[in-house]
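S.K.: Structure below; questions to follow.
Just so it is clear, none of the values below were taken in a lab; they were calculated from the coordinates. This is a predicted model, so every value here is computed, not measured. Neighbour counts are summed over all protein chains in view; Cβ atoms, including those assigned to glycine, are modelled from backbone coordinates with ideal geometry.
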Amino acid sequence: MTKDVSIKKILVPIDGSKYGEIAVAYASMLAKSCGAYIELLSVVNVGEYVPGFEQAGADLFILKEMAHTAQDILGEHKKMIPEGIHVNTRVMQGNARDCILKVVKEENMDLIVIGRRGLGQLEGMILGSVSSYVVANAECPVLTVK
């Protein structure tokens, strides 16, 4: 049985790395040729920057600053997308792997374009990279770029 293939919704998780910029370039090319829109996603995870025993005392100020920085990064990436391609931006709080898969499921995304490596290289060496996890667990096709 052949699956009807169409790409109308493309998710691009962004972490501020150079691979995120490459992912935006690929997603833009695909969106233009398919008439798709792009959803740029940045995930804020206090746990990556504040040790567990300090998280309980983490001030809302830290979260707000991280979310503001994430929004700025998304804004910079949004500028890279050519005119005529519809773009949404979203900042979420939590684990990047879980947030990416949640958006895919809730928004019924057709494709994820993600950098093969991001800013979390130590985590990638120890636990497996976010992109590897997404490839293994996403409900839609995933294009990894490098």
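S.K.: If the chain between H68 and V46 were fully stretched, how many nm would it gain, using 0.36 nm times the residue separation less the Cα-Cα distance?
M.R.: Numbers: separation 22, 0.36 × 22 = 7.92 nm, distance 1.33 nm.
Separation in residues times 0.36 nm, less the Cα-Cα distance, equals 6.6 nm.
S.K.: Using amide H atoms built 1.01 Å from N in the peptide plane, name the residues 5+ places from V145, or on other chains, whose amide H lies under 5 Å from its own.
M.R.: Sorted by chain and number, the residues that satisfy this are I114, G115, R116.
S.K.: Take the Cα of N137, step 7 Å along the line toward its Cβ, and report every residue of region 80-114 whose backbone nitrogen sits under 15 Å from that point.
M.R.: Flagged as within label range: 94-106.
S.K.: Using the 10 angstrom Cβ neighbour count as an exposure proxy, how do L101, L60 rank, fewest first?
M.R.: The order, fewest Cβ neighbours first, is L60, L101.
S.K.: For the pair E107 and E76, what calculated FRET efficiency results from E = 1/(1 + (r/R0)^6), where r is the Cβ-Cβ distance and R0 = 25 Å, to the nearest 0.05? Working shown, then result.
M.R.: Details: r = 23 Å, r/R0 = 0.90.
Plugging the Cβ-Cβ distance into 1/(1 + (r/R0)^6) gives 0.65.
S.K.: Which residues' amide hydrogens lie under 5 Å from the amide hydrogen of D15, considering only partners 5 or more residues apart or on another chain, with H built in the peptide plane?
M.R.: Amide H to amide H, under 5 Å and 5 or more residues apart or across chains, D15 pairs with G20.
S.K.: Kindly state, to the nearest 0.05, the FRET efficiency for V5 paired with A25, given R0 = 22 Å and r defined as their beta-carbon distance. Intermediate results must be reported in sequence, preceding the final value.
M.R.: Values: r = 22 Å, r/R0 = 1.00.
For R0 = 22 Å, the calculated efficiency reads 0.50.
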